[in-house]
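Only one structure is covered here, and it is reproduced in the block below.
Read-outs: derived from the displayed coordinates by stated rules, not from any lab. The shown structure was predicted, so the numbers you read here are calculated from the model rather than taken from an experiment. Backbone-built Cβ (ideal geometry, glycine too); neighbour counts: all protein chains shown.
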Amino acid sequence: MNRIMIAGTHSGCGKTTVTCGILQALVNRKIKTSAFKCGPDYIDPIFHRKIIGINSGNLDGYFCNKDTLNYLLSKCDSDCAVIEGVMGYYDGAGKLYSSFKTAEDTDTPVIIVIDSKGMSNSIGAVMQGFLTYEQPNKIVGFIFNRLPESLVGMAKELCKKYNTEYFGRMPFDENVSIESRHLGLIINQKTVDYRQKMQLLSELAEQFIDIDKILIYSQKTETLKFEMPNLRKIVNNNVKIAVAEDEAFCFLYRENIEVLENLGCEIVKFSPLKDKSLPKEISGIIFPGGYPELYSKELSENHNLKKEIKNKIL
């Protein structure tokens with residue numbers, strides 16, 4: 001599978017903005033695209049699915065070993081998978097659970113996003129640090145976020161100096177800034193606004209980022225190698241699992257639900273915000289995380305559903 005990782009120097013460097021611009025640009029080119037997020041992040045995959053309209057999932061090295069990560073990545077039915085890193089490239093709950101380790105385990109080329117605001121020659125020190133901190137490190141080049149046009153020549157020369165690739169820059173534009181998101185609020189109230197932002201971002205990506213070069217590097221990958229997980233059907237009888245899913249409960253690894261289905265469970269979704277009753281004949285209930293605190297009034301006033309849940313648990 002063709003794949004590329006967009007990682008960053010730190011949280012807030014602009015890697016999500018850059019990733020979304022690239023994803024939307026690929027979709028606009030009619031390339032069958034999928035997205036993954038490293039680490040424990042529920043919001044970005046939902047955002048990719050709801051706003052950009054692509055298949056998205058998680059690669060969480062804390063919960064999954066190398067074989068499982070490659071298995072999940074291989075299941076993706078697309079021509080190009082874009083993996084967004086988490087935090088800084090070498091950060092995580094220990095180095096074993098970093099984007100660096102995920103890139104190593106999945107043999108994925110990596111582009112590092114550097115927030116260049118307020119820097120000039122110091123950009124080179126950041127580049128050299130990331131290129132030499134750990135070797136090998138899968139880094140193939142850089143994208144320079146908020147880099148002024150006057151420094152483009154310098155950035156290209158630095159890439160030549162360190163024998164790495166210049167993939168472009170993302171200029172600052174207040175019209176496409178992606179603030180910290182509360183997914184439940186965005187999906188209902190800001191979907192149109194965010195879709196417009198994604199189109200503007202894709203136009204910037206096409207103009208200032210070398211999408212063709214990214215696609216070339218995404219093809220410089222080997223076939224994923226892994227041992228298939230042993231998912232034997234352990235459910236002999238009809239087992240129906242109710243899964244809460246709405247604006248209040250939206251933090252769920254899709255892959256976990258797929259495992260339950262592969263084991264033979266029937267998954268039935270319901271909304272604690274809107275439904276007055278639980279699905280019939282269920283054997284269990286899953287309440288994922290999310291933003292229940294933002295909908296405490298609606299949830300607390302759904303008296304019949306609360307009573308049914310209590311009776312099922314007891």
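Key figures for this structure:
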{"quantity": "Efficiency of FRET from Cβ geometry, Asn121 and Ile31, R₀ 45 Å, rounded to 0.05", "calculated": "0.75"}
{"quantity": "Residue exposure sequence - Ser218, Ser271 - by fewest surrounding Cβ within 10 Å", "calculated": "Ser271, Ser218"}
{"quantity": "Calculated from backbone phi, Karplus (6.51, -1.76, 1.60) coupling profile of segment 125-140 in Hz, x at Gly/Pro", "calculated": "5, 5, 4, 4, x, 6, 6, 10, 4, 9, 9, x, 9, 6, 6, 10"}
{"quantity": "Peptide ranges 110-118, 275-283 listed from the most packed, as the mean C-beta count within 10 angstrom indicates", "calculated": "110-118, 275-283"}
{"quantity": "For segment 39-195, the spread of Cα positions along each principal axis, largest first, Å", "calculated": "42, 40, 30"}
{"quantity": "Lys213, Lys274 arranged by Cβ crowding within 10 Å, fewest neighbours leading", "calculated": "Lys274, Lys213"}
{"quantity": "Average projection area in nm² (convex hull over Cα atoms of segment 1-94, one quarter of hull surface)", "calculated": "5.7 nm²"}
{"quantity": "Leu224, Leu314, Leu294 arranged by Cβ crowding within 10 Å, fewest neighbours leading", "calculated": "Leu314, Leu294, Leu224"}
{"quantity": "Within the chain, helix-based [θ] at 222 nm, where runs of 4 or more DSSP H residues each add -39,500 (n - 2.57), nearest 500", "calculated": "-10500 deg cm²/dmol"}
{"quantity": "Highest to lowest packing among 33-44, 16-27, 255-266, scored as the average C-beta count within 10 Å", "calculated": "16-27, 33-44, 255-266"}
{"quantity": "Calculated P(r) tail over 17 Å for segment 240-313, as whole % of Cα pairs", "calculated": "43 percent"}
{"quantity": "Rg and Dmax of the chain, Cα atoms only, in Å", "calculated": "21.3, 68"}
{"quantity": "Cross-link reach list, lysines versus Lys310, counting only Cα pairs under 20 Å and skipping chain neighbours closer than eight places", "calculated": "Lys240, Lys269, Lys274, Lys276, Lys280, Lys297"}
{"quantity": "Angle between the chain longest axis and helix 15-28 axis [Cα atoms, degrees, rounded to 10]", "calculated": "80 degrees"}
{"quantity": "Among beta bridges that DSSP assigns inside the chain, antiparallel share in %, nearest 5", "calculated": "10 percent"}
{"quantity": "Percent antiparallel among DSSP beta bridges (both partners in segment 240-313, rounded to 5)", "calculated": "20 percent"}
{"quantity": "Contact order normalised by residue count of the chain, Cα under 8 Å, 6+ apart, percent", "calculated": "20 percent"}
